[in-house]
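Comments concern the structure below.
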Amino acid sequence: MRIGEMPLRAWRPEWLGSKCQVRYSPSLDWICAPDTMALSKSRLASSVDERSRLIADYRMFRTWPADAIRRLAESSRARSVPRGAALIPGGRVIDALVLVCEGSVEVSELSSDGRRATFKIARDGAYGLLPMLDGRNIPSGLSAIEPATVLEVPYSAVRAELGRDPGLWESVAIEAGVRARGYTDQLKALTFDAPRSRAASLLLGLAETSGEPTAAGVRIVLPLSQERLGEALGVSRQWVSAFVREMVLAGVVKWCYGRVTLIDPDGLRAIAKHGYKDKG
């Protein structure tokens, strides 16, 4: 799904599902034709109308007047990066909101012992709101997990529009509130949910935000090996192997070389809620 095609529900806290939030996750391997990304950057760089459309599609800007959106577009700049590149290095002071227009990104940190803590994986989104509000460094880094094209909207341009129309601050406050609730949900899931429930919720969340309908079910377009799922959940690979085998034999999912298709979403929802699939 690209911008403009994402269902409204996916704009809620923009995490990996409304219940399960992932703390430890690997980098995910994507394959994306670089010429498509280059065309996207060229189109964004040359068309203020296209940049205006993309900015207006983001949640925080959806209620902003067209003239304000256009001024933001005129001040914005497009940038394309390869897979694995840092869009925003963690701990840096930045000067612009980063809107992901194409490609997938992750918000993460690397611990001193080499573990990667990933707080968000998404195919779009706006990043850098907190530094715009408090003037401090961005707490976590943003990197591309496949070739990505982003639009950078300078803080100075956003603040200028807020100065022209203070009523626009309401949308900023709502956005900050949604994100705060997302962090709360993330902590609650990590604290209270069992691994089976978190695993099921993770798969449902990925299907919701990065799924494609097929004849067999909903295919998650993000490659997800069993080893990486274990890292995402903080459990052993053996546990994941047993869980996946059970889900496959129960006809809940199809799992083939890291490509996952949800065959029985209702059964997976029951596991997310109760830890087991309802019989009958």
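Here the label points at residue 241 and residue 62, each 7 Å from Cα along the C-beta direction, are separated by 4.5 nm in the simple model.
In this structure the amide hydrogen of residue 97, modeled in the peptide plane, comes within under 5 Å of the amide hydrogens of 153, 155, none closer than 5 places in sequence on its chain. Karplus-based coupling profile of the range 191-197, in residue order and whole Hz: 7, 10, 7, 6, x, 4, 5, with θ = phi - 60° in 6.51 cos²θ - 1.76 cosθ + 1.60 and x standing for Gly or Pro. For the range 193-274, the relative contact order works out to 38 percent when only alpha carbon pairs closer than 8 Å and six or more residues apart are counted.
Could you compute the FRET efficiency for residue 214 and residue 190, with r as their C-beta to C-beta distance and R0 at 41 Å, rounded to 0.05? Calculated transfer efficiency: 0.85.
Evaluating 6.51 cos²θ - 1.76 cosθ + 1.60 at θ = phi - 60° for every residue in the range 158-175, the Karplus couplings come out as 5, 5, 4, 5, 5, x, 5, 9, x, x, 6, 4, 4, 5, 5, 4, 5, 4 Hz, glycine and proline recorded as x. Each residue, residue 256 and residue 172, gets one label point 7 Å from its Cα in the Cβ direction; the gap between the two is 5.0 nm. Summary of packing: across the peptides 248-259, 206-217, the per-residue average of other C-beta atoms within 10 Å ranks them, highest first, as 206-217, 248-259. Across the range 135-145, coupling constants 3J(HN,Hα) worked out from phi with the 6.51/-1.76/1.60 Karplus curve, θ = phi - 60°, read x, 9, 6, 6, x, 10, x, 10, 9, 8, 9 Hz, and Gly and Pro carry x.
Close amide H pairs (under 5 Å, H built 1.01 Å from N) link residue 122 with 105, residues at least 5 positions away or on another chain. Shape class for the range 221-278: oblate, because the ratio a/c of the largest to smallest gyration tensor axis (alpha-carbon atoms, square roots of eigenvalues) is 1.5 or more and b/c is at least a/b. Inter-label distance, residue 266 to residue 183: 3.9 nm, where each label sits 7 Å from its Cα along the C-beta direction.
Read-outs throughout are calculated quantities, based only on the coordinates presented, and are distinct from any laboratory measurement. Keep in mind that this is a model prediction, so the values were computed, not measured. Counting neighbours? That spans all protein chains shown, and the Cβs are built from the backbone with ideal geometry, glycine included.
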